[in-house]
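Okay, structure first, notes after.
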């Protein structure tokens with residue numbers, strides 16, 4: 001793994017495949033580290049002809065922590081939103097999109113396939129809106145447009161999302177496993193060993209509760225990207241689980257509806273599953289097919 005200065009912060013990243021291959025930038029979701037993009041999955045995408053780049057967003061993993069912004073009061077922010085009041089996050093989804101493009105700049109990459117899941121999909125969408133000349137194609141996985149009229153997460157998913165994890169290692173791992181179980185879809189086997197290993201690796205690599213809370217504030221304050229997505233001309237693939245309890249499938253449908261000519265793949269039985277096993281072989285196949293249309 002390596003790190004670079006990009007958009008004024010330090011960003012940790014990792015690559016797979018030949019730099020001469022079409023770049024594929026993978027953007028992770030809330031609180032996730034680059035290791036959430038399974039190494040075997042990255043290697044498979046590289047073998048299919050991509051130069052794969054995965055990285056830690058700001059405030060997680062080994063990238064810069066914006067501790068000077070302090071610890072946000074997430075519950076206070078949610079209460080303010082229910083009253084129709086605006087909230088002021090330490091940074092925005094658009095700032096994180098600037099990070100992504102800053103990383104491409106640092107790597108000397110002019111254009112890339114931009115693929116994001118969950119919050120990473122929000123960031124990817126923002127890249128496509130703000131930097132259309134940098135996008136070969138857009139892939140938005142179980143994400144949403146930020147349209148306030150869309151259905152909200154199921155209560156049990158929202159509860160575990162906003163509950164702060166314990167700082168003690170084993171208790172934290174147990175909490176994260178509860179979260180993984182809550183958001184997983186009912187249609188595919190749950191790999192207990194893989195998820196537990198990921199939870200432990202993430203804790204040992206970097207535990208930064210306040211960083212995740214600052215990212216959550218950016219999500220809560222996100223703008224409605226639906227109008228902006230109507231201007232996206234890059235070939236777009238939207239993938240969503242029919243049984244996603246955290247970002248309901250309507251978010252994916254809204255994204256596909258907003259982008260002219262977008263394709264959508266809805267997978268029955270899939271929730272907000274992490275990129276390992278389950279539905280992910282089908283997702284990889286769809287990504288490879290989608291990018292091949294642009295690369296050929």
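Criterion first (assigned to a loop (DSSP other than H, G, I, E, B), more than 29 Å from residue 258 (Cα to Cα) and touching a helix residue (DSSP H, G or I) at 6+ places or on another chain (Cβ under 8 Å)) does residue 190 satisfy it?
Spelling it out, residue 190 is indeed assigned to a loop (DSSP other than H, G, I, E, B), more than 29 Å from residue 258 (Cα to Cα) and touching a helix residue (DSSP H, G or I) at 6+ places or on another chain (Cβ under 8 Å).
For residue 137, state whether it is surrounded by 22 or more Cβ atoms within 10 Å (Cβ to Cβ), farther than 19 Å from residue 32 by Cα and either without any contact (Cβ under 8 Å) to a residue 40 or more places away in the chain or touching a strand residue (DSSP E or B) at 6+ places or on another chain (Cβ under 8 Å) (or both).
Numbers: surrounded by 22 or more Cβ atoms within 10 Å (Cβ to Cβ): yes; farther than 19 Å from residue 32 by Cα: yes; either without any contact (Cβ under 8 Å) to a residue 40 or more places away in the chain or touching a strand residue (DSSP E or B) at 6+ places or on another chain (Cβ under 8 Å) (or both): yes.
Criteria met by residue 137.
Cβ contacts < 9 Å: first residue closer than 15 Å to residue 16 by Cα, restricted to the stretch 107-121; second residue surrounded by fewer than 19 Cβ atoms within 10 Å (Cβ to Cβ) and modelled with pLDDT under 95, any location; separation 6+ or different chain. Result?
113/294; 113/295
Conditions (1) out of contact with any helix residue (DSSP H, G or I) (no Cβ under 9 Å at 6 or more places or on another chain); (2) on the phi > 0 side of the Ramachandran plot; (3) surrounded by fewer than 24 Cβ atoms within 10 Å (Cβ to Cβ); (4) not in a helix (DSSP H, G or I), marked per residue:
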site	(1), (2), (3), (4)
57	no, no, no, yes
84	yes, yes, yes, yes
98	no, no, yes, no
110	no, no, yes, yes
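Filter the stretch 67-81 down to residues that are in a loop (DSSP other than H, G, I, E, B) and out of contact with any helix residue (DSSP H, G or I) (no Cβ under 6 Å at 6 or more places or on another chain) and give me whichever is farthest from residue 10 (Cα to Cα).
Filtering first and then ranking leaves 73.
With respect to residue 198, is the statement that it is at pLDDT 95 or above, in a helix (DSSP H, G or I) and touching a helix residue (DSSP H, G or I) at 6+ places or on another chain (Cβ under 9 Å) true?
In short, yes.
Going by the conditions given, is residue 281 modelled with pLDDT under 95, surrounded by fewer than 22 Cβ atoms within 10 Å (Cβ to Cβ) and either out of contact with any helix residue (DSSP H, G or I) (no Cβ under 8 Å at 6 or more places or on another chain) or closer than 17 Å to residue 153 by Cβ (or both)?
Yes.
Which of the residues spanning the stretch 140-161 are exposed (fewer than 14 other Cβ atoms within 10 Å of the Cβ) and assigned to a helix (DSSP H, G or I)?
155, 156, 159
Limited to the stretch 170-190, what total is found for residues that are more than 21 Å from residue 159 (Cβ to Cβ) and crowded, with 17+ Cβ neighbours inside 10 Å?
Residues flagged as more than 21 Å from residue 159 (Cβ to Cβ) and crowded, with 17+ Cβ neighbours inside 10 Å within the stretch 170-190 amount to 1.
Look through 30, 62 and report the one residue that is in contact (Cβ under 8 Å) with a residue 60 or more places away in the chain, out of contact with any strand residue (DSSP E or B) (no Cβ under 9 Å at 6 or more places or on another chain), in a loop (DSSP other than H, G, I, E, B) and under 18 Å from residue 199 (Cα atoms).
The conditions single out 30.
The values are calculated or read from the model by the stated rules, or taken from the named source; none is laboratory data. Treat the numbers as computed from the prediction; the structure is a model and nothing was measured. Heads up, the Cβs are rebuilt from the backbone with ideal geometry, glycines too, and the neighbour counts pull from every protein chain shown.
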